[in-house]
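Peer 1: One structure coming up, written as C-alpha cells, with questions to follow.
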C-alpha cells in the first residue's frame, strides 16, 4: 500500500528478467515501492513525466534509446531526481557507465552475472542497490538533520608546517562527476603529485583514468605498482586494490606507489583511509587531503591522522554533494579546515599550494 513516506522507483530495462529482479529487490526494502516500469528510453521519458518517481533505475544498453541518451534528455528537461545506472561489468558497459556518471548519473549497480540461481542474484543485487537508493533519496532529509558546518573551522596550527608536498583525494558516490569538475581545473604545472581513491570496481578504474586524462592538463593514470610519485601526474587507485605510498629508499630517490589486496577497510577496497594514512606516514605535515561526495565515512580516520601530523584537510560542502556522507563525517568531527562548494575547491587547492609555510592569518579568517 502506498504511503507518503515511501520512495518510488521507476525501473527502465529492456530485459523482463532484470525488471523482475529489480522489482523484487525494491519491494524487499523498507519504505520503497515501484512507481512503474519502462522497456526503453523513450518509454522512460514519458513515464517520468506522468509518474514523477523519486529515483530512476536506468539500464545502460537498450533498443531505440540507450541509457546515456535517456539520462541526458532527462537532465535537459529539468528532471533532477537521482538516477542509478544498471550496468553489465563488461568493457563496453563500464565505458558507457563512466560517461553516464560524469554526465549526471548519481551512481550505478552491477547486473548480477556470476550467480547460478535467482535467489543468489536477487541477494547480490539487493545488497548493492538498496543502500544506494536509501542514501540518494534521503540525502535531503539527512541534510536537514545535520546542519552544514561553517565554511571554515578554525584549527590549531603548528608553526613549523611547510607547504604541501602531496595532494590526496577520497571520493565515492557522485565521484566521477566531481572529479570531472575538480581535476581539469588543476594546471599542467601543478606542483604536487596527486593520488585519488574512487570507490569503483577494477573494470571501471582504467577507463575512468583514460577519460580524465583526455580532459585534464595533468596526466591521469591508473596506479601502477612501484611507480615513482612525482608532480604533474594524478594516479587513480585501481579497483579492488588498496593504494599506498612507500617512502623513498637509497636506490629510489622518490616515494613509490604500492598496491595491495589487504583486508577491506570501511567495507572498501580501495580505501581512502589506507591512502591517507600512508601519505601521512611518508609526507608528515606536507599532506593536503580532500574528501569529496560519497556514502559512509571512509576517509575520516585518515583525515584525523593527516591533521594530527599537521597536514591540511578540506571537504566538499553539503549543497554540492550527491551524498553528504564522507565529507560530512570529516566536517562534523571538526577537523576540516575548509568546507567548500565543489566548484571552489580547485581554486582553494591552488591558493594553499602557492604559499610557503602556512601563516596563521591564512587559517584564522573566513574562507
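The values are calculated or read from the model by the stated rules, or taken from the named source; none is laboratory data. Just so it is clear, the structure is predicted and the values come from calculations on it, not from any experiment. Methodologically, a virtual Cβ is constructed for each residue, glycine included, from the backbone with ideal geometry; neighbour enumeration extends over all protein chains shown.
Peer 1: Scan region 321-340 residue by residue and report those that are in contact (Cβ under 8 Å) with a residue 60 or more places away in the chain and either in a loop (DSSP other than H, G, I, E, B) or not assigned by TED's automatic domain parsing to the domain that holds residue 170 (or both).
Peer 2: 321, 322, 323, 325, 334, 335, 336, 337
Peer 1: Another question, if that's okay. Picking from 31, 38, 47, which residue would you name as being in contact (Cβ under 8 Å) with a residue 12 or more places away in the chain, assigned by TED's automatic domain parsing to the domain that holds residue 81 and surrounded by fewer than 17 Cβ atoms within 10 Å (Cβ to Cβ)?
Peer 2: 31
Peer 1: Next up: How about region 86-102: which of its residues are outside any helix (DSSP H, G or I) and at pLDDT below 90?
Peer 2: 87, 88, 89, 90
Peer 1: Checking the condition at pLDDT below 95 and within 22 Å of residue 183 (Cα to Cα), which residue from 215, 230 passes?
Peer 2: Every option except 230 fails the conditions.
Peer 1: Every residue in region 194-210 that is in contact with a helix residue (DSSP H, G or I) (Cβ under 7 Å, 6 or more places away or on another chain) and farther than 27 Å from residue 165 by Cβ, please.
Peer 2: 203, 204, 207
Peer 1: Could I ask something else about it? Tell me the residue from 71, 122 that is assigned by TED's automatic domain parsing to the domain that holds residue 22, in contact (Cβ under 8 Å) with a residue 12 or more places away in the chain, in contact with a strand residue (DSSP E or B) (Cβ under 9 Å, 6 or more places away or on another chain) and assigned to a helix (DSSP H, G or I), please.
Peer 2: When all the criteria are applied, what remains is 71.
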